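Student: Encoded as structure tokens, here's the structure I'll be asking about.
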Amino acid sequence: MQFISLLSVTVLLPALVLPEVIPPQIAAKTPFVKCKKFFAKPGGIVTFPTIFNQNQYKQICQKKENRYEFATLYNTEDKIPVYSAYLYQGKEECVRKSTWDIEPQLDDPNGSPNMGPTEHVEKAGTHQALTEDYENQIEYDRGHLYPIFHTFKQCTADATFTLTNAAPQNRSLNRGKWRVQVEKVTKNFLDANCTSRHAYVVTGVVPGTQTLNNRVIIPSFFWSAYCCLDETSGNPTHSEGFISANNNERNIPKIPVAELDRKLSDQNHYGVPFSVFGNRC
């Protein structure tokens, strides 16, 4: 698969075609502007991750009960997200939902902008994954990109249970080394003295070649990065990233965000210039 990107915003393309990237000046007028509070603002400049420009990529300001909770760039052909972006505001113990929502707007042009149950959506699953795609198999979990243990209140925790915020993740990885690494991020925020309102996180996946239920692409890699900003100046104070193949075989080392950008840009990943924080963190 190829991608097209918009610098500091990138785009994915079909096989034999590289993704197109949306230039920052254009990205500044895209749907993500409605939920820009979830994206890092180093030096006061709102910076979106690379946005892929093809029509299959949809920018979703994730909304539940008329409240924006986070943002997702979603691939409607692969039926998995490219990434989810959120603002870490502390951690509270929240109850896990037993059901998953979908995005009505992806399958129905007149659908609600609020996430909701599948049964309320006409032609549900045309452009997104459904709960049944994950049934009758034990190898893959619905791997959260915005994880419940990074949420600070129950309504936000509930909002993470939308299938546009999940991708097939090796069960051992999801419940093993990936979870350990993601939980370490919380400690890193404390160690780096990140305040609860200035820690920005982006977590994403790189599409693979295999499918789940002959519909949903299984990622080959999961990755994540965060950027902490000074409360007064808005300048970056601390940032890190990590990336893992979609298995639980190796430890997941922390790496500089610049190194993560390089990895994601190479031919083994997106194959086009990709930046998580616009080279600003």
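The values are calculated or read from the model by the stated rules, or taken from the named source; none is laboratory data. Values in this document were obtained by computation on a predicted structure and should not be read as measured data. Cβ sites come from the backbone with ideal geometry, for glycine too, and all protein chains shown count toward neighbours. Heads up: the accessible areas ignore ligands, DNA and RNA and are worked out on the full protein's heavy atoms, side chains in. Shrake-Rupley method; radii C 1.70, N 1.55, O 1.52, S 1.80 Å.
Student: Over 26 Å from E77 (Cβ atoms) and buried (at least 17 other Cβ atoms within 10 Å of the Cβ): is that true of V272 in this structure?
Tutor: So V272 fails the test.
Student: Do you know which of the residues in segment 130-151 that are over 16 Å from Q62 (Cα atoms) and of a type in the set (A, V, I, L, M, F, W, C) is most open to solvent (accessible area, probe 1.4 Å)?
Tutor: Checked segment 130-151; the qualifying residue most open to solvent (accessible area, probe 1.4 Å) is I138.
Student: Do we find a residue being loosely packed, with under 15 Cβ neighbours inside 10 Å and under 18 Å from Y146 (Cα atoms) anywhere in segment 107-124?
Tutor: Within segment 107-124, not a single residue is loosely packed, with under 15 Cβ neighbours inside 10 Å and under 18 Å from Y146 (Cα atoms).
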